[in-house]
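Data block below; observations after.
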Amino acid sequence: MVLSKREKYAGIGAIAAVALLLLDQFVLSPYFDQLDTVSQATDKAVRQISDNADLVAKQIKLEKVWTEMQNGGLQVDESKADSQAQLAMLQWAQRANMVVTALKTEHVAQEKAFEVLSYDITVTGSTPGLARLIWAFETATIPLRVNEIQISSRPENTDNLTVRMNVSTLSLPETNPAGGNP
């Protein structure tokens, strides 16, 4: 059987088309699919490395804060934390020329690994004295937070202020290993 030139070219074209289809099916498509999978895995690994680096940096930063808290007065014993906070508030009020008219421990609450001791403190004095007192609270080395503050003047339109504050401090119960993070 003798094939014409045209039939030869058609046969060669058909064989080439089948060869290209087989090459695409068994070589090119799997290669590009695998290349895409590797690219996605690489992107995921790079993101995870970046997240891990951020986490390590955050841990180092917070470790410094945690050490400062422990060195600055975070107490293990609730009664020591109570005494420390009350003494500090009384001293700060005295330095600010404010008179403490009431200092009452409100309650103790558990918040995660910490015990939170709350106080209601009432002081009287002038506006500059109040500013010094609040500054002392906000820059304290012991863990202390002003939760609420109410200011009123007695009598009206004078600089004789009565200030009621709700303040809290923390203690770390001994159930948490010493030096460990909560």
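The values are calculated or read from the model by the stated rules, or taken from the named source; none is laboratory data. Everything numeric in this text was worked out from a predicted model, so none of it was measured. In this analysis, Cβ positions are derived from the backbone assuming ideal geometry, glycine residues included, and neighbour counts consider all displayed protein chains.
Here is how the numbers come out for the structure above:
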| item | result |
| --- | --- |
| Members of the stretch 26-59 that are of a type in the set (Val, Ile, Thr) and within 18 Å of the chain's Cα centre (by Cα) | 56 |
| Single residue of the stretch 65-80 satisfying the filter (of a type in the set (D, E, K, R) and assigned to a helix (DSSP H, G or I)) that is modelled with the highest pLDDT | 80 |
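Yes or no, residue by residue, for (1) of a type outside the set (S, T, N, Q); (2) at pLDDT 90 or above; (3) under 29 Å from residue 123 (Cα atoms); (4) not in a helix (DSSP H, G or I):
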{"residue": "14", "(1), (2), (3), (4)": "yes, yes, no, no"}
{"residue": "23", "(1), (2), (3), (4)": "yes, no, no, no"}
{"residue": "26", "(1), (2), (3), (4)": "yes, no, no, no"}
{"residue": "63", "(1), (2), (3), (4)": "yes, no, no, no"}
{"residue": "93", "(1), (2), (3), (4)": "yes, yes, yes, no"}
{"residue": "103", "(1), (2), (3), (4)": "yes, yes, yes, yes"}
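Conditions tested, residue by residue: (1) over 30 Å from residue 160 (Cβ atoms); (2) in contact (Cβ under 8 Å) with a residue 12 or more places away in the chain; (3) touching a Gly at 6+ places or on another chain (Cβ under 6 Å).
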position	(1), (2), (3)
71	yes, no, no
80	yes, yes, no
83	yes, no, no
90	no, yes, no
93	no, yes, no
104	no, yes, no
110	yes, no, no
